[in-house]
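What follows is a short report on a single structure.
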Amino acid sequence: MRLLIIEDELKTSRFLHKGLTENGYVVDVAADGEDGLHQAASVQYDLLILDIMLPRRNGWSVLEALRKAGRSTPVICLTARDAVSDRILGLELGADDYLPKPFDFAELLARIRSVLRRAPTRRDDVLRVADLEMDVRRHRASRSGRRIDLAPKEFVLLETLMRSSGNV
Ligand code: CA
């Protein structure tokens, strides 16, 4: 699972990067709205964590541009604002969930899992390279039909290698 964090506060993005990496996710970070939109449009992410108050382009604008470009990547919005009108705007623009700051990491993790469970199953959920098979969503890997037990970090590493199959 590959996630993109779009967040300008270094402290928050570092904290999220660390916590999510420890939980087995592959995590990229963008520090402003323009870079975030560019990355989100050019890489196939499983989920975006999008801060709203961002330099260069705010989170609403990133979300709107992304959806207009036909990208249905699930999005969880983070914001210091918790006004109901903001929340409605976010959901109308196509956010999948919304979490007011400051938030509890365990709650964010639970919401990420919930959003990912609801996300439509994609074709590349099952990866195959020669006799190696990986079901990314069920966290299962097998070789010639025999199950391989992997630690979370090994699983992420193998997934990354399988997705890059054929590349150096
Ligand atoms: Ca911010």
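Which cross-chain or sequence-distant (5 or more) residues have an amide H under 5 Å from the amide H of ALA30, H modelled 1.01 Å from N in plane? Excluding prolines and chain starts, which carry no amide H, the hits are ILE5, ILE6, GLU7.
The value of relative contact order for the range 47-94, using C-alpha pairs under 8 Å at least six residues apart, is 48 percent. When you restrict to C-alpha pairs under 8 Å that are six or more residues apart and normalise by the size of the range 37-155, the relative contact order lands at 17 percent. If you run the Gaussian network model on the chain, springs between alpha carbon atoms under 10 Å, then out of ASP51, ASP96, ASP131 the most flexible one is ASP131. Percent of Cα pairs in the chain per distance bin of 10 Å, from zero to the largest separation: 10, 38, 33, 15, 4, 0. Springs between Cα atoms under 10 Å define the GNM used for the chain, and in it the highest mean-square fluctuation of VAL62, VAL75, VAL156 occurs at VAL156. Cross-link partners of LYS11 among lysines, defined as those whose alpha carbon lies under 29 angstrom from its own and excluding same-chain residues fewer than eight positions apart: LYS101, LYS153. The range 29-77 and the range 128-168 have Cα centres separated by 28 Å. Beta bridges from DSSP with both residues in the chain: antiparallel share about 40 percent, rounded to the nearest 5.
Averaged per residue, what accessible surface does the chain expose to a 1.4 Å probe, in Å²?
57 Å²
State the percentage of accessible surface on the range 41-168 attributable to carbon and sulfur atoms; use a 1.4 Å probe and exclude ligands, DNA and RNA.
On the way: 3930 of 7680 Å².
For the range 41-168, the apolar C and S fraction of the accessible surface comes to 51 percent.
Principal-axis analysis of the Cα atoms of the chain puts helix 33-42 at an angle of about 30° to the longest axis.
Counting 0.36 nm for each residue step from SER164 to ARG138 and taking away their Cα separation leaves a gain of 7.4 nm.
The values are calculated or read from the model by the stated rules, or taken from the named source; none is laboratory data. Bear in mind that the values here come from a model prediction, so they are computed numbers and not experimental data. The protein model used for the area step is the full one, side chains on, heavy atoms only, and it has no ligands, DNA or RNA in it. Shrake-Rupley method; radii C 1.70, N 1.55, O 1.52, S 1.80 Å.
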